[in-house]
Amino acid sequence: MAASSMYRLGIISALQEEQQGLVEAMQGAATHIHGRRDYTTGTLWGIDAVCVLSRIGKVAAAMTATLLVEKFGVSHLVFTGVAGSGGPGVRVGDIVVADYLVQHDMDASPLFPPCEVPLTGMVYFAADTDLSTRLAQAVAYFVALQLPSAIDDGEKKLFGLHDVKVHRGLVASGDQFIHSAERIAGLAHAHPGLLAVEMEGAAVAQVCFELNVPFAVMRTISDNANEKAATDFLHFVQAVAAQYAFYSIKRLCEQLAAPVNDD
Ligand code: SAH
């Protein structure tokens, strides 16, 4: 199928395991190395796409997002990854699609309010509503129809994957892996409505704000950002988060390429 001309979708993940399946599924794949990253261009389910691993942290993510836009000409950007839970209603295995993102470690006070990105006047950066809604619908489709067979029963049991929920709301990013109950409680207190904490999303949000590019962020909850956060992390990414990302992006691309009105 020819790629739809409306979209050139940039897909960023922080970790290799999260993106392997997508790169393998690309038609006409070609890899371009730039700035120590591999950008793979091609077609994903009818959508012109560019996949790249940002690696971990805000600078890595900001650089990758900028190059996707400026060098690879993407029109829309989606970030897939994992995150720690930001609140009691958000469980391991749930998915958060960001409506807003904040850099929780930005602090130029007293010159600027805490978490305000200096000279933008902004604390909370909004994701693109339309793309985020389409992504959330794709995630919900995966959860309802494909998750039951896409993930082994053993893994479902191990990670307690039942009654999986899709949340939308606030995601906080910073250059820290949060692994303390006290610390995550402090972040949740500072940012009411916090759903997830990770290390890249808000950096992508700032770049997309400044370059005026629509973007969306999906995060599978891998841990509770407490003292046990690092346990089984890689196993979770491989067995669970990679499947979530693959099927959700597949559905998103199919819907962007040939939208149907029945969901
Ligand atoms: N143990 C991993 C390191 C992962 S760093 C390894 O060896 O590769 C954590 C990655 O997952 C980051 O990309 C971040 O965005 C996300 N993440 C998951 N849980 C997190 C948490 N509790 N705090 C911050 N980032 C988290």
Practice task
Give the peptides 101-112, 163-174, 238-249 in descending order of average Cβ contacts within 10 Å, highest first.
Solution key: 238-249, 163-174, 101-112
Fill in the blank from the handout: Expected vector for the stretch 84-94, Karplus 3J(HN,Hα) from phi with 6.51, -1.76, 1.60 and θ = phi - 60°, integer Hz, x for Gly and Pro, equals x, 5, x, x, x, x, 10, 9, 4, x, 6
Handout entry: Separation in nanometres of the label points that stand 7 Å from Cα toward Cβ, at Glu182 and Ala126
Key = 3.8 nm
Fill in the blank from the handout: Which residues qualify? For Met122, with a placed amide H closer than 5 Å and at least 5 residues away or on another chain, they are Val117
Completion exercise
Taking placed amide H atoms and a strict 5 Å upper bound, the residues 5 or more places from Asn224 or on another chain that come that close are Ser85
Exercise for the section: State, as an integer percentage, the relative contact order of the stretch 4-257 based on alpha-carbon contacts under 8 Å between residues 6 or more apart. Expected result: 30 percent
Problem - Rg/Rg_globular for the chain, with Rg_globular taken as 2.2 N^0.38 Å and Rg from C-alpha atoms - result: 0.95
Handout entry: Extension reserve of the Gln27-Ala150 stretch, reckoned as 0.36 nm per residue once the Cα distance is removed
Key = 42.1 nm
Exercise for the section: Just report the Cα centroid separation between the stretch 211-259 and the stretch 171-201, whole Å. Expected result: 17 Å
Problem - For the chain, calculated [θ]222 nm from helices alone, where every DSSP H run of n ≥ 4 adds -39500 (n - 2.57) - result: -9000 deg cm²/dmol
Fill in the blank from the handout: Here, Phe72 and Asp107, labelled 7 Å along Cα→Cβ, have an inter-label distance in nm of 3.4 nm
Practice task
Among DSSP beta bridges whose residues both lie in the chain, state the antiparallel percentage, nearest 5.
Solution key: 40 percent
Exercise for the section: Find out how many positive minus negative residues lie around Ser75, taking Lys and Arg as positive, Asp and Glu as negative, among other residues whose Cβ is under 15 Å from that of Ser75. Expected result: -1
Handout entry: From phi via Karplus (6.51, -1.76, 1.60), per-residue ³J(HN,Hα) for the stretch 180-195 in Hz, x at Gly/Pro
Key = 8, 4, 5, 5, 5, 5, x, 5, 5, 5, 5, 10, x, x, 4, 10
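Values in this text are rule-based calculations from the coordinates and carry no lab data. Since we're looking at a predicted model, the values are computed, not measured. Positions of Cβ are generated from backbone atoms using ideal geometry, with glycine treated the same way; all protein chains shown enter the neighbour counts.
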